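Chemist: After the structure tokens below, expect a handful of questions from me.
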Amino acid sequence: MDHFDSSGVDGAGSLWPVLGGPFRLASRFQRGSLAVMAALLVGLLALMPATIAAQTDDQARTTDYLNLRSGPSLDHDILDVMPVGSLVEITGEPEQGFYPVTWGEQDGYSHGDYLTMGVDEAALVDGSDGYTQDEIVQIIYAYADQYGQPREDMLRVARCESVLDPYAVNASSNASGLFQFLPSTWATTPFADQDIFNAEANAEAAAWMWANGRRGEWSCQ
């Protein structure tokens, strides 16, 4: 869908018929029943903001190769093509079916028909307490997609280089991190100011190098 569908949330007004019309408190039992119903209504209303927030997540994934355009129409220039499964941030409301998005460091517009809205935050990589192997694979795939590189090839090289250990260090060469960058090689990337042991920075640097014709600099292929 190109817009948030609120048809299932009618607001508090639609709940009033549950109360059954004018309040005629004929007995203690009726008063007790009314109190229970009122408490239930309060509970339902308290849950509504959380439900709406869950449906207005500001992230999405591409469901196909998708053009990133300079404006909200097919007449605008194509800035880039995002691979399947790319993670984007939705930065505003759609115009003519096109959402304003941020992909990596690029801003543009993409059509909502090819975006899956509402990425599960639990599925995103944190890394604050270390990485699981599944998270490492997810990181590699994400940057392979962002830079248009083969997922399985990048995963194979990382397995060969570091056994998917982002903190690995080669004692003889001092090659470090997920893709085992030599310090001198790391310094030639746009990520040289970042921690070489940061799995995301290491994977993105590798994907950037591959996209710039430097895949052959790895021993593992």
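Chemist: Once label points are set 7 Å from the Cα along Cα→Cβ at both T63 and I78, what is their separation, rounded to one decimal in nm?
Modeler: 2.0
Chemist: Further question on the same structure: With an 8 Å Cα cut-off and a minimum separation of 6 or more residues, compute the relative contact order for segment 130-217 in percent. Kindly include the intermediate steps, with their values, before the conclusion.
Modeler: Working: 106 pairs, mean separation 23.5, N = 88.
For segment 130-217, the relative contact order is 27 percent.
Chemist: While we're on this one: Which FRET efficiency value, to the nearest 0.05, is calculated for A171 and D195 with the Förster distance at 25 angstrom and r the Cβ-Cβ distance?
Modeler: The pair A171/D195 has a calculated efficiency of 0.80.
Chemist: Can you check what the net charge comes to around G177, using other residues whose Cβ is under 10 Å from the Cβ of G177 (Lys, Arg +1; Asp, Glu -1)?
Modeler: Its environment carries a net charge of -3.
None of the figures in this text is laboratory data; all of them are computed from the coordinates on show. This structure is a prediction, so every number in the text was calculated from the model and none was measured. Here Cβ is always computed from backbone atoms with ideal geometry, including for glycine, and neighbour counts include all displayed protein chains.
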